[in-house]
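In what follows, a structure is listed as structure tokens, so that the remarks can point back to it.
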Amino acid sequence: MKLLPLSCVLHALSIVHAFRYDHLVEHVNSHQDQYVQALREWVSVESDSSDVSKRAELHRMMEMTADKLRAMGGNVTLVDIGEQQLPNGEMLALPKVVTAQFISDPLKTTVCVYGHVDVQPGKLEDGWATEPYNLTEINGNMHGRGTSDNKAPVLAWIHAVEAYQALNIELPVNVKFIIEGMEETGSNGLDAMVVAQRDTFLLDVDYIIISDCGWLSLRPALTYGTRGNCYFSAEIEGAKQDLHSGVYGGTVIEPMTDLIGILDTLISPSGKILIPGIREAVDPLTDEEWKTYQDIEFDMENYKNKLGVTELMYNNKVDLLAHMWRYPTVSIHGIEGAFSAPGTKTVIPAKVAAKFSIRQVPSMDPEVVKKQVTEYLEAAFARRKSPNKLKVTMMIGAKPWLANTQHVLYEAGKKAVKRVFNVEPDMIREGGTIPVARTFQDVTGKGIIMMPIGGFDDGMHSQNEKISRYNYLEGTKLFIAYLHEVSQIQKSRRPDSQHQLTLLTHVDMVGLHAFLSQSTLFVEKGAVCTRPPRMTVESSASFPAVP
Ligand SMILES: CC(C)C[C@H](N)C(=O)NCC(=O)O
């Protein structure tokens, strides 16, 4: 018998794969209504992680996620990650993290998909055109809180696995999931879980995939960086109760006036951060970065129209993209205790707390930022010689993340995008924060890719958040294709994970505590979350150094 040359066999196999890919695509197209129904069910759960009164819904959401993965035959665990302490001292259970595993073939590559099913708040009275928790499709866009961020992308990953299963096509890689319920408030408790499971659940994972962001334009994108987030509360307290502004106005030094005064020292009208040390910490833009940004197609007029603004902070593309992705910024979000209802209440609030955040970039450290901001605001407050009391707290300290775009994961990503959309992806960074991305990188040393499927105009966190049916379905196909492309990464081209693990074995409990003390969970006593999880930290004796 004559043996076929290896190249012929490989060619034949690729034909079989292409044939099967078409079947998978057909399956996705013909199951789109079920996919939309699944999204409808998930969106109907008000899994707002920032509102403690919604905690039962969040627990229900985690159970629903676990049930779905279990029904598909996954090996599912709901991991208890402990409790959070509320500002009033009360303890509240954190939503369990769902881990799942589909097939476990030692000869195959293993990927771990991370996502979250908690959402930002959403209220009709905030100006939504439709009920935020009732998925409503208008002109191909499916509106609802959490559609794009991050329920549809999580479901798209689940449906990608389901499609392989339904057609009896063996998954080309082992697939694991980590789905959490606190991403929107800083991923409380997750860092510790990642540390604890580094040598168990995460040990055989080769690559981590995150799809919790959006494209820059109509062109699909791969994301290689996120900014971090230092989120602060600055509280000023004066009289022991609110006062009538006619009766007492002019006699007391008002906390709100102090607060507005110190907030105004944070950033100039032209966007210059005024806190010493922050701008100085940022790496200058390299020529290579300049060129990358210059080459990206980005329509500034379209961007302005999308946002409904007449002017942007910068009027050239490179500066705008750089300030969106790789420079820090200050945003002021709100003032607790301030009068904000309609009408004309004439009160002097006794205690007000401003919430603001600084998105930081790779050369910055949240702990340093915390010190810089606290000292700066205390000095600004001292100059006012006010008798009121100021308390500055950092509530979230999430680090930025940056990947190497030459990594094989990005090569595979480009191939998958080409297969599904027949274009090259934009290579972009993200101005938002995915707190656990940097933790995965530091703790596991595994390659990480962000593969968004959200549209550029999805309005994450805003009124009328949506994902288009097109992005949802093509995104599912993208994930199907990506699982195949990852399986094609030759073992010889994989970074040597064994080598990385050897490098990581020499750190002890001191290292573990050093890491955890920087993580969100332990940043601030009395703030959002301070109590260690109840789970055991099995692998603490060999906690890794940052590679
Ligand atoms: C676009 C972001 C990376 C999406 C993410 N889910 C998010 O909103 N994170 C919190 C944040 O404030 O950036």
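Where a number appears in this text, it was derived from the coordinates with a stated rule and is not lab data. Computed from a prediction, not measured in an experiment: that's the story for all the values here. Every residue, glycine among them, receives a Cβ derived from its backbone with ideal geometry; neighbour counts consider all protein chains shown.
Here is how the numbers come out for the structure above:
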item: Angle between the chain longest axis and helix 152-166 axis [Cα atoms, degrees, rounded to 10]; result: 20 degrees
item: Whole-Hz ³J(HN,Hα) from phi, Karplus 6.51 cos²θ - 1.76 cosθ + 1.60, for region 429-441, glycine and proline x; result: 10, 10, x, x, 10, 10, x, 7, 4, 5, 5, 3, 5
item: Point-charge dipole on Cβ atoms (K/R +1, D/E -1) for region 278-342, about Cα centre, debye to 20; result: 260 debye
item: Three semi-axes of the equivalent ellipsoid, region 53-118, Cα gyration tensor, whole Å, largest first; result: 29, 13, 9
item: Point-to-point label distance, Glu424-Val282, nm (Cα→Cβ direction, 7 Å offset); result: 2.8 nm
item: Proportion of all alpha-carbon pairs of the chain beyond 34 Å (%); result: 41 percent
item: Per-residue Cβ neighbour rank within 10 angstrom, fewest leading, Trp290, Trp215, Trp157; result: Trp290, Trp215, Trp157
item: Residue-by-residue Karplus 3J(HN,Hα) for region 313-319, coefficients 6.51, -1.76, 1.60, Hz, glycine and proline x; result: 5, 10, 10, 10, 4, 4, 4
item: Sequence ranges 131-144, 248-261, ranked by mean other-Cβ count within 10 angstrom, highest first; result: 131-144, 248-261
item: Model label zone, Leu274; criterion: amide N under 19 Å from point 7 Å along Cα-to-beta-carbon; scope region 225-251; result: 232-236
item: Degrees between helix 366-383 axis and first principal axis of the chain (Cα, 0 to 90, nearest 10); result: 20 degrees
item: Most to least packed among 360-369, 460-469 [average Cβ atoms within 10 Å]; result: 460-469, 360-369
item: Gap separating the Cα centres of region 413-474 and region 148-189, nearest whole Å; result: 13 Å
item: Ascending count of other beta-carbon atoms within 10 Å, so fewest first, for Ile179, Ile448, Ile332; result: Ile332, Ile448, Ile179
item: Euclidean distance of C-alpha centroids, region 27-91 and region 201-256, integer Å; result: 23 Å
item: Net charge dipole size for the chain [Lys, Arg +1 and Asp, Glu -1 on Cβ; Debye, nearest 20]; result: 440 debye
item: Positive-end residue of Val252, Ile262, Pro362, charge dipole of the chain with Cβ unit charges; result: Pro362
item: Calculated on alpha-carbon atoms, Rg and Dmax of region 118-189 in Å; result: 15.8, 48
item: Within region 85-169: Cβ-based charge dipole about Cα centre, in debye rounded to nearest 20 (Lys, Arg +1; Asp, Glu -1); result: 260 debye
item: Exposure proxy ranking, count of Cβ atoms within 10 Å, fewest first, for Asp458, Asp206, Asp299; result: Asp299, Asp206, Asp458
item: Sites Gln165 and Val252 - FRET efficiency at Förster radius 60 Å, r taken between beta-carbons, to 0.05; result: 0.35
item: Gain upon complete extension [Ala56, Lys385; 0.36 nm per residue less C-alpha separation]; result: 113.9 nm
item: MRE, 222 nm, helices only [DSSP H, n ≥ 4, -39500 (n - 2.57), over the chain, to nearest 500]; result: -11000 deg cm²/dmol
item: Acute angle (nearest 10 degrees) that the helix 469-487 long axis makes with the longest principal axis of the chain, alpha-carbon atoms; result: 60 degrees
